[in-house]
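Here the structure comes first, spelled out in structure tokens, and everything after it is commentary.
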Amino acid sequence: MNKNMTMAMMPMYFTNSYKTTLWFKEWRSESRMDYYFMLFVVTVLGFALEALQSVRRDLDNKRGHHYEELLDVQAENREHYMKLVRAASAFLYFLSLLLGYLLMLAAMTFNVGLFLSVIVGMTLGFYFLRTKEGGTTGAAQGVVEGNHCGLS
């Protein structure tokens, strides 16, 4: 490697500095307020990931439960409806993957605050998005079923 080249290496150990870079070179926290805002954004994105997965799972469940009702509808309308539902579910899945990987990259900064913000955001989403009957929705159901990554 050329000695004149400088590379910013990502730490391979946990750090606790408020000066950190997240996702883009331009988004660097230079003050504690910047850092706290960064933690807030990551927490909200963790919650949003759980919300998206919950909505997608509910949509998939409703599609299955209402299928018998759709049998009475004309075949052309039923097929159009099912395509729309599948497209909506696929788009929500895309957004879930996007958020999931962004959160993974935030955790991989090895910054303690960012790592904990990912965990706290997803945990709050799990807590507040449980069904009233005591079951689970979204990524929480994936964990119950053995998908520990939370992406279902």
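Among the residues examined, PHE91 qualifies as surrounded by fewer than 17 Cβ atoms within 10 Å (Cβ to Cβ) and at pLDDT 85 or above.
Quick check: is even one residue across the range 106-115 at pLDDT 90 or above and aromatic (Phe, Trp, Tyr)? Checked against the condition, which is being at pLDDT 90 or above and aromatic (Phe, Trp, Tyr), the range 106-115 yields at least one hit.
Test LEU95 against the criterion of being part of a helix (DSSP H, G or I) and within 12 Å of ALA51 (Cβ to Cβ), and give yes or no. Criteria met by LEU95. Pairing residues of the range 73-84 that are under 16 Å from ASP60 (Cα atoms) with residues that are modelled with pLDDT under 75, at Cβ distances under 6 Å and at least 6 apart in sequence or on separate chains, gives ARG78/LEU70.
Of everything in the range 116-152 that is at pLDDT 90 or above and among the β-branched types (Val, Ile, Thr), the residue that is farthest from THR20 (Cα to Cα) is THR123.
Please work out if PHE37 is at pLDDT 85 or above and exposed (fewer than 15 other Cβ atoms within 10 Å of the Cβ). It is true that PHE37 is at pLDDT 85 or above and exposed (fewer than 15 other Cβ atoms within 10 Å of the Cβ).
The values are calculated or read from the model by the stated rules, or taken from the named source; none is laboratory data. As the structure is a prediction and not an experimental result, all values here were calculated from the model. Using ideal geometry, Cβ is built from the backbone for each residue, glycine included, and neighbour counts are taken over all protein chains shown.
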